[in-house]
Structure formats: structure tokens, C-alpha cells
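Please read the structure below before turning to the comments.
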Amino acid sequence: MSNVIDNTAAGRFELTEQGETAIAAYVREGDAIVFTHTQVPPALEGQGVGSRLIAGALAQVRDAGLKVVPACSFVAGYVQRHPEAADLA
């Protein structure tokens with residue numbers, strides 16, 4: 001998960017694999033990160049890249065002491081499937 005980068009200037013977390021970059025866009029609102037969109041390049045689909053991206057992003061959110069607002073359906077589904085992330089929502 002340490003490969004996930006918080007690109008604050010672009011407002012997104014990034015994970016680059018095989019020369020392609022998956023992103024999880026967000027907006028910071030007070031003490032929360034609102035995830036608005038997740039995008040995985042077609043070449044990386046079906047390889048768990050999106051889940052690794054969100055796991056790494058949520059770890060950084062937790063470390064920063066922030067909460068998560070999963071406006072993105074992918075992030076919402078991830079949080080539902082992973083009870084260890086429930087405390088962030």
C-alpha cells in the first residue's frame with residue numbers, strides 16, 4: 001500500500017502499476033475526505049488495483065485522523081465489504 005501517493009495538488013490518490021495510473025479523486029471538506037470518483041485504466045482492470053488503491057488511500061486517511069465520505073460507489077462498496085474501514089465513515 002505504500003505505493004499509493006496522495007497527490008494533494010491534483011486532489012487524488014494515485015497508484016501506478018505497469019506504467020498505468022489508477023486514481024481516486026477527492027475533495028477535502030474540514031476533517032473529512034470526500035471520495036468523488038475512482039478510475040482504473042482498462043489495462044489494469046480485474047487485477048485488484050482499485051482495491052489496493054483504496055486500501056492505501058484509507059490507510060493514509062486514518063493516519064491523518066480524518067473521516068471518509070464515500071460519494072464514489074467504488075469506495076462505498078469497498079467500505080461495506082471491509083469492516084476494518086467502518087470506523088472511517
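The values are calculated or read from the model by the stated rules, or taken from the named source; none is laboratory data. Everything numeric here is computed off the predicted structure, so don't read it as measured data. For neighbour counting, all protein chains shown are included, and Cβ atoms are generated from backbone atoms with ideal geometry for every residue, glycine included.
Take the residues of segment 55-65 that are in contact (Cβ under 8 Å) with a residue 40 or more places away in the chain and buried (at least 16 other Cβ atoms within 10 Å of the Cβ): which is farthest from THR16 (Cα to Cα)? It would help to see each step written out before you state the result.
Let us first name the residues in segment 55-65 that are in contact (Cβ under 8 Å) with a residue 40 or more places away in the chain, namely 55-57, 59-60.
Next, only the ones that are buried (at least 16 other Cβ atoms within 10 Å of the Cβ) stay: 55-57, 60.
Details: ALA55: 14, GLY56: 12, ALA57: 13, GLN60: 17 Å.
Going through the qualifying residues, I end up with GLN60.
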Filter segment 69-89 down to the residues that are under 17 Å from LEU15 (Cβ atoms) and β-branched (Val, Ile, Thr) and list them by number. VAL75
Residues of segment 1-16 being modelled with pLDDT under 95 and surrounded by 12 or more Cβ atoms within 10 Å (Cβ to Cβ), in sequence order, are MET1
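Residues being of a type in the set (Val, Ile, Thr) and part of a strand (DSSP E or B): count how many of those fall in segment 33-51. Please lay out each step first, then the result.
Step one: filter segment 33-51 for residues of a type in the set (Val, Ile, Thr), giving 33-34, 36, 38, 40, 49.
Next, from what is left, pick out any that are part of a strand (DSSP E or B): 33-34, 36, 38.
The qualifying residues number 4.
Applying the selection to segment 2-26, what residues are under 18 Å from TYR78 (Cα atoms) and assigned to a strand (DSSP E or B)?
Taking segment 2-26 and keeping what is under 18 Å from TYR78 (Cα atoms), we get 4, 12-15, 22-26.
Matches in segment 2-26: ARG12, PHE13, GLU14, LEU15, ALA22, ILE23, ALA24, ALA25, TYR26.
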Kindly provide the set of residues from segment 52-75 that are under 14 Å from GLN39 (Cα atoms) and assigned to a helix (DSSP H, G or I), ordered by number. ARG52, LEU53, ILE54, ALA57, SER73, PHE74, VAL75
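Being surrounded by fewer than 18 Cβ atoms within 10 Å (Cβ to Cβ), among the aliphatic types (A, V, I, L, M) and free of Cβ contacts under 8 Å to residues at least 40 places away in the same chain is the requirement here; does ALA22 meet it? Steps first, please.
On the way: surrounded by fewer than 18 Cβ atoms within 10 Å (Cβ to Cβ): no; among the aliphatic types (A, V, I, L, M): yes; free of Cβ contacts under 8 Å to residues at least 40 places away in the same chain: yes.
Spelling it out, it is not the case that ALA22 is surrounded by fewer than 18 Cβ atoms within 10 Å (Cβ to Cβ), among the aliphatic types (A, V, I, L, M) and free of Cβ contacts under 8 Å to residues at least 40 places away in the same chain.
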